[in-house]
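Peer 1: Handing you a structure now.
Every read-out reported here was derived from the displayed coordinates using simple, explicitly stated rules and does not represent laboratory data. Source: prediction; values computed, not measured. Counting neighbours? That spans all protein chains shown, and the Cβs are built from the backbone with ideal geometry, glycine included.
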Amino acid sequence: MYSDAVLLAALEGADFGWIAGGLVVGALVALGISRALGLASLSQAKADARRFRDQAQSDARTEAEKFRLDAERGLMERKERAEKELEQARGEFRENERRLAKREDLVDRKEETLTFKEQTLSRQADSFKQREEKIGLKETETDRVLQEQKDKLYRIADLTPAAAKELLLERVENEARQEAAKVARKIVEDAEHEAKAKAREITLMAVQRYAGEHSSESTVRTVEIPSDDMKGRIIGREGRNIRAIEKATGVDIIVDDTPGVIVVSCFDKIRQAVAVEALNRLIADGRMHPSRIEEVVDKVRSEIGEKVIKAGKDAVIEANLRGVHPKVIEAMGKLHYRTSFGQNVLRHSIEVGYLCQIIADQLGLDGTIARRCGFLHDIGKAMDQEMEGGHPKIGMDFAKQYGEKEPVLNAIGGHHADIPSTSFYTPIVMAADAVSSARPGARRESMEKYVQRLTDLQDIALNFKGVQEAYAIQAGREVRVMIDAARVGDDEAFLIAHQIAKRVSEEMTFPGEIKVTVLRETRAIEYAR
């Protein structure tokens, strides 16, 4: 056993030696092969590098040559363009030289002409100077002769220079007045002939297209009572009830002998409406004492205020307006309770608004602006009893405060010619206002005012020189004037008619228009015997 083990160990030792030797030899062989392969790869890499370098140098020389050729070509093109531009500039320069030479020739010729003219003017100036001296001598001689002739005329006519001058000026003034009257008559007749037909057509169309209803109102209203005993209750003990009503409402209560009614009188239609409604409620309720009166009046006043705003809104909607301030709407609602010559001012304002729109449309203007101008033209009447001044000025300031524009403001302030018209809409409002006021049934006035208007018309006409008689006819819509034919000519008669019409327009207030007719009659009478 022991020998087998030793033998086995010996054999194992012998195999390990061979294996180690084989490994060493293999390593040396691999090292040699690897070195040979590395040298071959290095040689191949060097060859590739030389080939790549030669190719790159060849490509670089090709690109460089291409760039050089492109640069030479671009240089040639720029040179050609520069030569063309230079040639063009030379051509322009030559043209400018030619023009300058031509202008120099023209200037030389003008200079020669001016020199010739200057010499001619110098000769003419000398000639004029000589003529001026001669004329001066002649004027002196003429003045002397004229003075001698004037002196002779004064001695012959037995007049002083002042009297002769006054006589001459009077004659010239009379002739000038007659000529002015003729010219004025011809101008006005031509203008009226051309404008009357068109104005009549537009006015008639406006009236026909808007046919609103009219209602006349008075400053006095009556309240029916169930019996005459109610009058005593309304008056109250020692008159305390009627005083309470008048104090709370601001109206006058008239309790007279008229059976079945009491009268409420007030110029402010809103206060009048409050008083009438409060009285109706108090009479229906039967309770009549100061505290109850104040309670009912306050409640009615609040309700009337709501009605005012509603009336204003309804009117604005009916007039088809946009952007109206609430304060303006409230003011327009107050006009529902305001009258002018018995005509309801709010209905009148709506009517004027639509008439303005129709007229403006016919004239090619903005109908919306015209309608706004006409609708708001009398807004000052809503507060003219509370403020000083006429309703056009008050209304214009009020509308301006709440954002209305210039055409509307001018129409409000100028519809009675209180201020100059600055737009076409103001005279349109004036015409529509006159049309609405003059329509049959629109307005009415008391007998006293009617008689006074006729008297004023006649007095104005009689104040003119040469007028013998004057008569107001056709309910004051025409005044006929008789003039002295011996003192006034035909042309002056036309001038007198114009002056009377102007004065009537300035001094009187009236609806519509008044016709002034001047009559001049010459009668030649002789008797045969």
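Peer 1: If we count other beta carbons within 10 Å of each Cβ, what is the order of H415, H377, fewest first?
Peer 2: Lowest to highest Cβ neighbour count: H415, H377.
Peer 1: Find how much the distance from K307 to S291 grows on full extension, using 0.36 nm per residue of separation minus their present alpha carbon separation; answer in nm with one decimal.
Peer 2: Numbers: separation 16, 0.36 × 16 = 5.76 nm, distance 2.45 nm.
This chain segment gains 3.3 nm when fully extended.
Peer 1: How large is ³J(HN,Hα), in whole Hz, for each residue of the range 230-236 in order, when computed from phi with the Karplus curve 6.51 cos²θ - 1.76 cosθ + 1.60 and θ = phi - 60°, using x for Gly and Pro?
Peer 2: Running phi through 6.51 cos²θ - 1.76 cosθ + 1.60 with θ = phi - 60° gives 5, 4, x, 5, 5, 5, x Hz.
Peer 1: Something else now. Tabulate in residue order the Karplus-calculated ³J(HN,Hα) for the range 421-435, using 6.51 cos²θ - 1.76 cosθ + 1.60 with θ = phi - 60°, rounded to whole Hz; enter x for Gly and Pro.
Peer 2: For the range 421-435, the Karplus curve yields 6, 10, 8, 6, 6, 5, x, 5, 5, 4, 5, 5, 4, 5, 5 Hz.
Peer 1: Determine the gain in length on full extension of the stretch S122-S227; use 0.36 nm per residue of separation and subtract their C-alpha separation, reporting nm with one decimal.
Peer 2: Result: 26.4 nm gained on full extension.
Peer 1: In the range 334-359, which residues have a backbone nitrogen under 15 Å from the label point lying 7 Å from F267's Cα in the Cα-to-Cβ direction?
Peer 2: 338-342
Peer 1: Once the other residues with Cβ under 14 Å from the Cβ of I329 are scored (Lys, Arg +1; Asp, Glu -1), what is the net sum?
Peer 2: Working: positive: K307, K310, K313, R322, K327, K334, R372; negative: E306, D314, E318, E330, E404.
Result for the local shell: +2.
Peer 1: Please list the non-local residues whose amide H lies under 5 Å from the amide H of L519, H modeled 1.01 Å from N, same-chain partners needing a gap of 5 or more.
Peer 2: Under 5 Å from the amide H of L519: V481, M482, I483.
Peer 1: For the ranges 488-496, 519-527, 317-325, 66-74, what's the packing order if you count other beta-carbon atoms within 10 Å of each residue, average per peptide, and put the highest first? Let's see the in-between values first.
Peer 2: Details: 488-496: 18.7, 519-527: 7.6, 317-325: 14.0, 66-74: 10.0.
Final packing ranking: 488-496, 317-325, 66-74, 519-527.
Peer 1: If I model a spin label at T62 and D298 as a point 7 Å from the Cα along the Cα→Cβ vector, what separation in nanometres do I get?
Peer 2: Output for this residue pair reads 11.4 nm.
Peer 1: List the pairs from K393/K515; K269/K313; K334/K502 whose alpha-carbon separation is above 26 Å, in the order I gave them.
Peer 2: K393/K515; K334/K502
Peer 1: Residue by residue, what Karplus-based ³J(HN,Hα) values in Hz, rounded to whole numbers, does the range 282-291 have, using 6.51, -1.76 and 1.60 with θ = phi - 60° and x for Gly and Pro?
Peer 2: Those phi angles translate into 5, 5, 5, 6, x, 8, 9, 8, x, 5 Hz.
Peer 1: Take peptides 47-55, 275-283 and line them up by average Cβ neighbours within 10 Å, highest first, as a rough protection proxy.
Peer 2: Final packing ranking: 275-283, 47-55.
Peer 1: Now a separate question. How charged is the neighbourhood of K66? Take every other residue with its Cβ under 14 Å from the Cβ of K66, and add Lys/Arg as +1 and Asp/Glu as -1.
Peer 2: Value of the local net charge: -2.
Peer 1: Would you list T222, T62 from fewest to most Cβ contacts within 10 Å?
Peer 2: Ordered by Cβ neighbours within 10 Å, fewest first: T62, T222.
Peer 1: Assuming R0 = 60 Å, what is the FRET efficiency of V183 and E246, from their Cβ-Cβ distance, to the nearest 0.05? Don't jump to the answer; show the numbers that get you there.
Peer 2: On the way: r = 62 Å, r/R0 = 1.04.
According to the calculation, E is roughly 0.45.
Peer 1: Within a 10 angstrom radius of the beta carbon, how do Y402, Y425 rank from fewest other beta carbons to most?
Peer 2: Y402, Y425
Peer 1: Show which aspartates and glutamates lie in cross-link reach of K327 when reach means a straight Cα distance below 20 angstrom and same-chain residues fewer than eight apart are skipped.
Peer 2: D268, E303, E306, D314, E318, D378, D384, E386, E388, D397, E404, E406
Peer 1: What full-extension length gain, to one decimal in nm, is calculated for K102 and E506 as 0.36 nm per residue of separation minus the Cα-Cα distance?
Peer 2: Result for the pair: 138.1 nm of gain on full extension.
Peer 1: Measuring from label point to label point, each 7 Å out along Cα→Cβ, what is the N174 to L86 span in nm?
Peer 2: Label-label distance for N174 and L86, simple model: 9.8 nm.
Peer 1: Under 20 Å between alpha carbons, and skipping anything fewer than 8 positions from K165 in its own chain: which lysines qualify?
Peer 2: Within the straight-line limit of under 20 Å, K165 reaches these lysines: K150, K152.
Peer 1: What nm distance separates the two modelled labels at H325 and K515, each placed 7 Å from Cα along Cα→Cβ?
Peer 2: 4.5
Peer 1: Could you order peptides 243-250, 284-291 by the average number of other Cβ atoms within 10 Å of their residues, highest first?
Peer 2: Packing order, densest peptide first, comes out as 243-250, 284-291.
Peer 1: Then there is this: Round to the nearest 0.05 the FRET efficiency obtained for I419 and E238 when R0 = 35 Å and r is the Cβ-Cβ distance. Don't skip to the end; give the middle numbers.
Peer 2: Numbers: r = 53 Å, r/R0 = 1.52.
About 0.10, to the nearest 0.05.
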